[in-house]
Amino acid sequence: MDRPRPFLKWAGGKRQLLAQFRPFLPPPGSYDRYLEPFLGGGALFFDLRPDRAILSDVNRDLIECYQTLKEDPDSVIQLLRDYPNDPDFFYEMRKRDPATMDPPGRTARTLYLNRTCYNGLYRKNSKGQFNVPFGRYKNPKICDADNLRAVSACLQGTDLRTGSFETAARKAEPEDFVYFDPPYHPLSTTSSFTAYTEHRFGEEEQLQLAGVFRELHQRGCCLMLSNSDTPLIRDAYAGFRIETVLANRAINSKSAGRGKIQEVLVLNY
């Protein structure tokens, strides 16, 4: 079976950074379980394909997509195969109330909107409604059946949960590998993007996360964290190993705001 890839385009996704991550990862077999409390697109999870994993995110809709694909990928595939790349259908699907749909329907709707909306941008308004316009792609791959089945197979050994990073951290045990990929600390007061969920993640939450990181270090976990290269982040993780990687700024409304940007990897090993 093909190696699974992220099935959602997700701002801050790590697929482009995997080659830079690999020299810093703990060796296969050196940890018992893999935990990812800020799951998002799950690029590192799909690259590692661990036998045992606890995957969680505060975004309930996102976790439902993973759970549905784990349990019933064929129902999602069957729906997606009939969805056209058409603006009228897009806006009709966008305005549908997800509460009136079953889990495969909601998951297919999320994947469809994600694949056909402008820039693949996941954004909700203050009422929790998806509000990104139609993307006008010529031929987007709305239904990648082979990958969705590979994703489902990869998820079979996982425990999927909705919850905060603090809740997820309580499940970590010695010899677990925990990867944190939180909403990044903004490089400036105008560079923050916070519309993925209704949950705020500001400086207070960044420092709370640093405290959890230190707690898990004391517990004997193997830890890696991604974030912006800012003074606050470097100060919060002082004493730990800090490496840098270069990422492309992929989602930005202005072309001048796109390009290479330095990020940090914080390691306790």
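The values are calculated or read from the model by the stated rules, or taken from the named source; none is laboratory data. Given the structure is predicted, the values throughout are model-derived calculations rather than measurements. Please note: Cβ atoms are built from the backbone with ideal geometry, for glycine as well, and neighbour counts cover all protein chains shown.
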* Which of the residues spanning region 120-144 are within 17 Å of THR107 (Cα to Cα), at pLDDT 90 or above and among the basic types (Lys, Arg)? -> LYS141
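In region 1-95, which helices (runs of 4 or more DSSP H) lie fully inside it and hold 1 or more residues that are of a type in the set (A, V, I, L, M) and either out of contact with any Phe, Trp or Tyr (no Cβ under 9 Å at 6 or more places or on another chain) or in contact (Cβ under 8 Å) with a residue 40 or more places away in the chain (or both)? Please lay out each step first, then the result.
Working: elements: 18-21, 43-48, 60-71, 73-80, 87-95.
Filter on region 1-95 gives 18-21, 43-48, 60-71, 73-80.
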* Just checking, how many residues over region 125-173 are over 30 Å from TYR83 (Cβ atoms), assigned to a loop (DSSP other than H, G, I, E, B) and small (Gly, Ala, Ser)? -> 3
* To do: Could you figure out which of (1) touching a Gly at 6+ places or on another chain (Cβ under 9 Å); (2) crowded, with 18+ Cβ neighbours inside 10 Å isn't true of LEU148?
  => (1)
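Matching residues to (1) at pLDDT 95 or above; (2) surrounded by fewer than 22 Cβ atoms within 10 Å (Cβ to Cβ); (3) within 20 Å of MET224 (Cβ to Cβ); (4) among the polar types (S, T, N, Q):
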site: LEU35; (1), (2), (3), (4): yes, no, yes, no
site: GLU64; (1), (2), (3), (4): yes, yes, no, no
site: LEU69; (1), (2), (3), (4): yes, no, no, no
site: ASP72; (1), (2), (3), (4): yes, yes, no, no
site: SER75; (1), (2), (3), (4): yes, yes, no, yes
site: ASN85; (1), (2), (3), (4): yes, yes, no, yes
site: ASP88; (1), (2), (3), (4): yes, yes, no, no
site: GLU92; (1), (2), (3), (4): yes, yes, no, no
* Asked: Taking region 64-92 on its own, how many of its residues are closer than 23 Å to GLY135 by Cα and hydroxyl-bearing (Ser, Thr, Tyr)?
  -> 2
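Look at THR244 and say whether it is within 25 Å of PRO6 (Cα to Cα), more than 17 Å from the chain's Cα centre (by Cα) and either modelled with pLDDT under 95 or among the β-branched types (Val, Ile, Thr) (or both). Please lay out each step first, then the result.
On the way: within 25 Å of PRO6 (Cα to Cα): yes; more than 17 Å from the chain's Cα centre (by Cα): yes; either modelled with pLDDT under 95 or among the β-branched types (Val, Ile, Thr) (or both): yes.
It is true that THR244 is within 25 Å of PRO6 (Cα to Cα), more than 17 Å from the chain's Cα centre (by Cα) and either modelled with pLDDT under 95 or among the β-branched types (Val, Ile, Thr) (or both).
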